[in-house]
Amino acid sequence: MEVTRGKFITLEGGEGAGKSTQTKRLAEFLRRHGYEVIQTREVGGPPSAEEIRELWLSKGEDYWDPLTEVVLISAARREHLTKTIWPALDRGAWVVSDRFVDSTRAYQGIGLGVGLEMIDKFYNLIAPKFEPDLTLLLDMPVEGGLERMVNRGGQDDRYEQKDVNFHETLRAAYLTLAKKYASRMIVINGNQNPEAVQKEIGQAVSKRFGMTV
Ligand code: TMP
């Protein structure tokens, strides 16, 4: 019997936009609809990719050359695709990922000035003709996101320490990407309570894939 390939949904946004919570809730929502769901994240996923994440993020802000960052992230992404994402989609499971290639486009491509063409060159090498079926961009004002991040405490990633201008650039970069990839990217208002964001996401996903909320 032929298996229907699963769908690949990614969540994107700046720091403190609530992606992790919403990724978890979306995975639960899809499971309630009867799908097998793999909840994952980038940079990371399988142990090999998590090791690269640790190597990359454990260093200080200017340790890596920006293009080297793209090389490391691309290597981790290839591990993630070949070991987790593609096998899951092939057996009919749905995959929900907290970040994917649009993060590299926004952070390294635009934020660090590597350029979108260079990001796409690396991406096309590791994943020719493959893009998410749907990308949910959790958009919110920079101040609000940074405030949430401070309140959350815990991990102190180096991008979280960058100044407000960097985060404004990121937000604008994501909104530009949402226009460029309008057929797969939906902008969600992240500046609401988690239940309201969850509802907006549920409606967007249901509409896109034809399921009841
Ligand atoms: P996280 O906080 O969502 O786990 O992500 C860790 C950091 O990695 C976050 O600051 C965003 C950054 N990042 C990039 O710079 N480029 C990428 O391609 C990805 C996936 C994440």
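The values are calculated or read from the model by the stated rules, or taken from the named source; none is laboratory data. Just so it is clear, the model here is predicted, and its values are computed rather than measured. Because the Cβ atoms are built from the backbone with ideal geometry, glycine has one as well, and the counts that use them run over all protein chains shown. Keep in mind that these areas ignore ligands, DNA and RNA; they rest on the heavy atoms of the full protein, side chains included. Shrake-Rupley method; radii C 1.70, N 1.55, O 1.52, S 1.80 Å.
Quick notes
- Mean Cβ count within 10 Å, highest first, over the residues of peptides 78-89, 3-14: 3-14, 78-89
- The simple spin-label model puts a point 7 Å past each Cα toward its Cβ; for residue 207 and residue 181 those points are separated by 1.9 nm.
- Expressed as a whole percent, the proportion of Cα-Cα pairs in the chain lying more than 30 Å apart is 18%.
- Rounded accessible area per residue of region 8-209, 1.4 Å, Å²: 46
- Considering only the chain, percent of DSSP beta bridges that pair antiparallel, nearest 5: 0
- Of the solvent-accessible surface of region 8-209, computed with a 1.4 Å probe and all protein chains present, 51% belongs to carbon and sulfur.
- Estimated FRET transfer efficiency when R0 is 41 angstrom, pair residue 2-residue 152 (beta carbons, to 0.05): 0.40
- Phi angles of region 184-197 translate, via the Karplus equation with coefficients 6.51, -1.76, 1.60 and θ = phi - 60°, into HN-Hα couplings of 10, 9, 10, 8, 10, 6, x, 8, 9, 5, x, 5, 5, 5 Hz per residue; Gly and Pro are given as x.
- By the helix-only formula, in which each DSSP H run with n ≥ 4 contributes -39500 (n - 2.57) and the sum is divided by residues, the chain has a 222 nm mean residue ellipticity of -15000 deg cm²/dmol.
- Based on C-alpha pairs under 8 angstrom that are at least 6 apart in sequence, the chain has a relative contact order of 31 percent.
- In this simple spin-label model, placing a label point 7 Å from the Cα along the Cα-to-Cβ direction at both residue 31 and residue 58 gives a separation of 3.1 nm.
- Virtual paramagnetic centre 7 Å along Cα→Cβ of residue 65, amide N under 19 Å, in region 89-132: 108-123
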